[in-house]
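The values are calculated or read from the model by the stated rules, or taken from the named source; none is laboratory data. For clarity, every value in this text was computed on a predicted model and none was experimentally measured. Please note: Cβ atoms are built from the backbone with ideal geometry, for glycine as well, and neighbour counts cover all protein chains shown. All accessible areas refer to the heavy atoms of the entire protein, side chains included, with ligands and DNA or RNA removed. Shrake-Rupley method; radii C 1.70, N 1.55, O 1.52, S 1.80 Å.
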Amino acid sequence: EFKNLSFAYDNENYVLKNINLIIPAGNTIGIVGHTGSGKSSLMNVLLRFYDYQKGDIVIDGRSLRDYPVQTYRAHVGMVLQDPVLFSGTLFSNITFNNNDVTEERVLEIMSQIGAQSFIDKQPNGIHESVEDMGRNFSVGERQLIAFARVLAYNPSIFILDEATSNIDVESEELIMDVIHQLARTKTVLLISHRLANVVNSDQIYFLKDGEIKEGGNHEELMQMNGEYRHLYDSQMALESYGKEKTVDV
């Protein structure tokens, strides 16, 4: 729960203002808004990359500040829009050389997220070499590896910050399928500028200028005929136009 939370990077100019938000365990929550609305700042304080000045974040009845940082983060998994990989193998990138995570577990995870075909096409399977920064894999493939990496540690909370940006449609569909699978057993927070990715969320919150302007499920927000509806209709119109142009070509 976010309780009257306000946050400023410089202690003066607040980028989050009086945020009140309840996220039940096991729910999928969409956080949407234009660039600069405060979406990533919300995640920065939730992950304790920065401390907040006013209000509090409460998890399981305890203030976030009462949890040791490393203990807390062990229960939170995050996938960014361009995950960082290191030199090694797929296996070492997923397990971080943790001996408790076996080859069988990694293969099970890759199958779970629909990445079996990705592994099958690698000459050395999960022991295929990874170049520095993962440059021998596409952004979509790096994101699949990042999902596997997070699942290997079985966190309770998943945060996906623009996790389907800058990837092809096929990879995006696969990753959204993974997210829907995770949502069955985990608490999932989806940060996205693309509203089509959050329409199935239990609740969606529209941020603007650091404040929650609208909240509800997709149908409720559409009926409000507010800023969410306007942005959704605009994005759908643009996507339809793009498909028409592709057909014409």
Exercise. Over region 13-134, with every protein chain in place, what whole percent of the accessible area is carbon and sulfur at 1.4 Å, could you tell me?
Key: 49
Quiz item: If you place +1 on the Cβ of every Lys and Arg, -1 on the Cβ of every Asp and Glu, and leave all else neutral, what size is the dipole of region 53-166 about its Cα centre, to the nearest 20 Debye?
Solution: 300
Exercise. Indicate, rounded to the nearest 5 percent, the antiparallel portion of the DSSP beta bridges found entirely in the chain.
Key: 45
Quiz item: By the gyration tensor of its Cα atoms, with a ≥ b ≥ c the square roots of the eigenvalues, what is the shape of the chain: rounded for a/c under 1.5, prolate for a/b over b/c, or oblate?
Solution: oblate
Quiz item: Most mobile of Asp120, Asp209, Asp177 per a Gaussian network model of the chain (Cα springs, under 10 Å)?
Solution: Asp120
Exercise. Report the full-extension gain for the segment Ser129 to Leu21: residue separation times 0.36 nm, less the Cα-Cα distance, to one decimal in nm.
Key: 34.6 nm
Quiz item: Taking only pairs that are 8 or more places apart or on different chains, how many Lys pairs in the chain have Cα atoms under 29 angstrom apart?
Solution: 21
Exercise. Quick one: P(r) of region 1-83 from all Cα-Cα pairs, 10 Å bins, percents rounded to integers, in order of increasing distance.
Key: 16, 51, 31, 2
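Counting heavy atoms of the protein chains only and a 1.4 Å probe, report the per residue accessible area for the chain as a whole number of Å². The partial results should precede the final answer.
Details: 12730 Å² over 249 residues.
Accessible area per residue, the chain: 51 Å².
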Quiz prompt | Electrostatic dipole magnitude of the chain [Cβ: Lys, Arg +1; Asp, Glu -1; Cα centre; debye, to 20] | solution = 580
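Using per-residue counts of other Cβ atoms within 10 Å, averaged over each peptide, order 57-70, 217-230 from highest down. Walk me through the numbers before you get to the answer.
Working: 57-70: 12.5, 217-230: 15.0.
Packing order, densest peptide first, comes out as 217-230, 57-70.
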Quiz prompt | Charge dipole (the chain, unit charges on Cβ, about Cα centre) - positive-most of Pro24, Met133, Ile145 | solution = Pro24
Exercise. Round to the nearest 10 and report in Å² the accessible area of Ser240, as given by a 1.4 Å probe over the protein chains' heavy atoms.
Key: 60
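Just the number, please: percent antiparallel of the DSSP beta bridges in region 99-222, rounded to the nearest 5.
50
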